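> Sharing a structure, written as structure tokens. Questions coming.
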Amino acid sequence: MPVARYNGRKIAKMTFIGKDSPVYIRGEKKMKKKTKNKKKVSEEEAAAPNGEDSAALKDAGKATPEANAVELETRLMRLQADFENFRKRVLREKSETYVRANEDIIGELLAVLDHFDLALRSAEEHAVEKAFLDGFRMVGGQMLDALGKFGLESLEAQGAQFDPEKHEAISHMPSDEEAEGIVITQTRKGYMLGQRLLRAAEVVVSSGPADGGK
């Protein structure tokens, strides 16, 4: 390499190679070839499937059309079953929501019906005019009919056998007219909402004859 002197010291002279030089051209070709080989190897590695994918591809290649048809049919049946279960669950939840909403609203109206019954009973005891009583009863009947469209049904416990699932005994009294276990008096109406008990009827139950039947 050519040298030169600077302040008494030897220094190397830089030799610049132009782009047209054969040395530069050969070096550039080598660099491009190395870059191309690396890029090719990277693409091959990326395209090569892993062990699981390779096994799946082999299995897919071995599957017959009949096996594929059976698999597709099985998947379709499972999908149909899942959808049917989903549809039934949505309908059930919708129905339960509807019933709960009606139950909350009608439950608040039961107190109004109780007051209406008390007012009617008081009017009957005080010998109010018949036309007024008839109108009062008609309004009460219309109210019950309207609520009945949503599944409300009153329980008539008077004279019935005591049923702990529908009646709430607030007292037991001896009775010569009614046998033991028969409802003597209904103090508050009970109501059913569809197949569900909305409120039990409050009743007084006979405990049988006062002298024990002697």
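> Which net charge results for the neighbourhood of Arg78, defined as the other residues with beta-carbon distances under 13 angstrom from its beta-carbon, given Lys and Arg at +1 and Asp and Glu at -1?
Result for the neighbourhood of Arg78: -3.
> What FRET efficiency would be calculated for the residue pair Arg196, Ala81, taking the C-beta separation as r and a Förster radius of 35 Å, to the nearest 0.05?
0.70
> Additional query: Ranked by Cβ crowding within 10 angstrom, fewest neighbours first, how are Met173, Met138 ordered?
So the residues, fewest neighbours to most, are Met138, Met173.
> With contacts defined as alpha carbon pairs under 8 Å and 6 or more residues apart, what's the relative contact order of segment 154-214 in percent?
43 percent
> So, one more: Quick check on segment 154-214: of the DSSP beta bridges with both residues there, what percent are antiparallel, nearest 5%?
Of the beta bridges lying entirely in segment 154-214, close to 60 percent run antiparallel.
> For the residues Ser122, Ser206, what sequence is obtained by ranking on other C-beta atoms within 10 Å, fewest first?
Ser122, Ser206
> Summing +1 for each Lys or Arg and -1 for each Asp or Glu, what net charge is found among the other residues whose Cβ lies under 9 Å from the Cβ of Tyr191?
Charge balance near Tyr191 sits at +1.
> I'd like the distance between the alpha-carbon centres of segment 115-163 and segment 72-87, rounded to an integer number of Å.
Result: 52 Å between the Cα centres.
> Taking the number of other C-beta atoms within 10 Å as the exposure measure, put Arg137, Arg92 in order starting with the fewest.
If I rank by nearby Cβ atoms, fewest first, I get Arg92, Arg137.
Where a number appears in this text, it was derived from the coordinates with a stated rule and is not lab data. Keep in mind that this is a model prediction, so the values were computed, not measured. Every residue, glycine as well, gets a Cβ built from its backbone with ideal geometry; the counts of neighbours run over all protein chains shown.
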